[in-house]
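J.: Okay, handing you the structure first.
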Amino acid sequence: MKKPGLQAQGFLGISQKYEPACMNWQAPVVWDHAMGAEIWDVDGRHYIDWTSGVLVANVGHAHPHLAEAISRQSHRLLNPFDFPTPERLHLAQKIVEATPPHLEKVFFISTGGEAMDAAMRLVRRASGKYEIVAFWGGFHGRSFGPMSLTGLSKIKKNFGPLVPGTILAPYPYCYRCPFEKELADCDLFCLSFLDKIVEVESAGSLAGLMVEPYQGTSGFVFPPAGYLKKLEAWARRQRILFVLDEVQSSFGRTGTMWALEHEQLEPDILVLGKGLGSGMPIAAVVARSAVMSGLERGEMSSTSGGNPLSCAAALAVFEIIEKEKLVEKAAANGAFLKDKLLRLQDKHKMIGEVRGMGLVYGIEYVKDRTNKEPAPDLARDVVLKCVEKGLMCGKLGIYGNVMRVAPPLVITPDLIDRSVAILDQVLSEF
Ligand code: PLP
């Protein structure tokens, strides 16, 4: 990659000197400002955005209506702690009205990880038990509760002992099936295997199951159609709570407002984050009344949870999504993008798989399509060259070989054309 600009070099030096190296790897770019689906760095270089930050800026960067709502609220009231405010109450009502009817109460907090932690408390309290089924490759946040649920060793390595009670089960990563089966004739073996796992591992205190509609951090791994509904039915048969972690899959990302709509899922607890504030920190736990009432006054609260600034932002996010029909746009422009990415897969043999829906895709790079050997170094070099040519992107995945394609939902067909052309050109150089 060509050298960062002079301004960026200066800032990167400051970062190296004063910041820890614990954050995720990124191309060496120092963002200055962004608008819609476009970014400018501190040297004035321009990029088309395929990251949305980290699937956060669903309504686009610096949306004027969102900026105006934040600005207006910042002059009125920032934080009265747990006193009710019109912003928090309107947002609670909005979320309950916009989610399936059986979900009746909302608790606000600041981050997705904290919201998953809150969901763990609710599951334990509502069931009186403590074991939670979570999944290989799953990611739910970095604090100790959700970290203990993760099925990614690099997230939890050397941090133990973790919170006890997690039972990990295989997720249907069909491109790399852990049982080396083919979807066409596996009859969802991983699902029936759950019975075996629970029979062997449970201490008889099964409380709930926590799952992502697709696994983001593991490389945008999407389960086969019908899997999640069957998983929900399994949880019902076990009489345990079904928790859906939609921290990153919600607010139009998959071409529907909530990912649960694809299979009419009815989770006992739905967890929201990222796109809810589209840049302002806010997350929400949405649950049945009976589940939420397990906690008594004073048992769950946080200094910044439900603060009016974040709630005003989230209300503006709902307005923008509705007014600009961003869910419909994500579906239509997503289909346009998917078609183009699949053509790249046909053309470039280093792409093992393209998977996703709406405006979220993973491009998995391999050294060899036959044995599917992951190509993390190639993925890194592709990302660096794309960034050099003006396409902001990143990589992730269990093997670090998956390119993240998750632009703000306001991306236009023209920007999609231009961004895919950059990737095509870069791949042709390898
Ligand atoms: N759950 C999922 C599915 C996520 O993707 C993430 C973050 O990437 C989290 C939870 C944690 O959210 P946060 O980083 O806001 O704590």
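J.: Report, by chain and number, residues whose modeled amide H sits under 5 Å from the one on Phe430, excluding near sequence neighbours (fewer than 5 apart, same chain).
T.: Under 5 Å from the amide H of Phe430 lies no amide H from a residue far enough along the sequence or on another chain.
J.: Rg(Cα) of region 66-323 divided by 2.2 N^0.38 Å?
T.: In units of the 2.2 N^0.38 Å rule of thumb, it is 1.01.
J.: Explain nothing, just the number: dipole magnitude of region 66-323 about its Cα centre with +1 on each Lys and Arg Cβ and -1 on each Asp and Glu Cβ, in debye rounded to the nearest 20.
T.: 500
J.: Then there is this: How many Å³ per residue does the convex hull of the Cα positions in region 138-278 occupy?
T.: Hull volume normalised by residue count: 124 Å³.
J.: Starting at 0 and stepping by 10 Å, how many percent of the alpha carbon pairs of the chain end up in each bin?
T.: All Cα pairs, binned at 10 Å, distribute as 4, 21, 31, 28, 13, 2, 0 percent.
J.: Can you say what percent of the DSSP beta bridges in region 66-323, counting only those with both residues inside, are antiparallel? Round to 5.
T.: 40
J.: I would also like to ask the following. Taking amide H positions as placed 1.01 Å from N in the peptide plane, with prolines and chain starts having none, which residues 5 or more places from Leu391, or on another chain, fall under 5 Å of its amide H?
T.: The answer is Ile48.
J.: Another one. Could you give the dipole magnitude of region 45-89 about its Cα centre, charging the beta-carbon of Lys and Arg +1 and that of Asp and Glu -1, in debye to the nearest 20?
T.: On the way: 4 positive and 4 negative charges, 21 e Å.
In total the dipole reaches around 100 debye.
J.: Given a 1.4 angstrom probe, I'd like the percentage of the accessible area of the chain that is carbon and sulfur, rounded to a whole number.
T.: On the way: 10290 of 19110 Å².
Looking at the chain in its full context, I get 54 percent from C and S.
J.: Right, something else. Going Cα to Cα from Lys367, which lysines come in below 26 Å? Please leave out same-chain ones fewer than 8 positions away.
T.: Correct list for Lys367: Lys2, Lys154, Lys181, Lys338, Lys340, Lys347, Lys349, Lys385, Lys389, Lys395.
J.: Dipole size in debye (nearest 20) for the chain around its Cα centre, Lys and Arg Cβ +1, Asp and Glu Cβ -1?
T.: Using only the charged Cβ atoms, the result is roughly 500 debye.
J.: Next up: I'd like to compare 340-346, 374-380, 211-217, 168-174: which one has the highest average count of other Cβ atoms within 10 Å, and what's the full order after that?
T.: Values: 340-346: 15.3, 374-380: 18.6, 211-217: 25.3, 168-174: 20.3.
By packing density, highest mean first, the sequence is 211-217, 168-174, 374-380, 340-346.
J.: Can you give the translational diffusion coefficient of region 256-399 in µm²/s, computed by Stokes-Einstein from the Kirkwood radius over Cα pairs at 10 °C and 1.306 mPa s?
T.: Translational D for this selection: 85 µm²/s.
J.: Still on this structure, I have one more. If you wrap a convex hull around the Cα atoms of region 1-146, how much volume per residue is inside, in Å³?
T.: 204
J.: Name the residues whose placed amide hydrogens come within less than 5 Å of the amide hydrogen of Ala375, ignoring near sequence neighbours (fewer than 5 apart) on the same chain.
T.: The list, which skips near neighbours in sequence, is Tyr365, Val366, Lys367.
J.: Using the Cα centre of region 66-323 as origin and beta-carbon charges of +1 (Lys, Arg) and -1 (Asp, Glu), tell me which of Gly275, Asn307, Gly128 is placed farthest towards the positive end of the dipole.
T.: Farthest towards the positive end: Asn307.
J.: Considering only the chain, what is the antiparallel percent among its DSSP beta bridges, to the nearest 5?
T.: Of all bridge pairs located within the chain, approximately 65 percent are antiparallel.
The values are calculated or read from the model by the stated rules, or taken from the named source; none is laboratory data. Only a predicted model underlies this, so the values are computations on that prediction, with no experimental measurement involved. In this analysis, Cβ positions are derived from the backbone assuming ideal geometry, glycine residues included, and neighbour counts consider all displayed protein chains. What goes into the accessible areas is simple: the full protein's heavy atoms, side chains included, and nothing from ligands, DNA or RNA. Shrake-Rupley method; radii C 1.70, N 1.55, O 1.52, S 1.80 Å.
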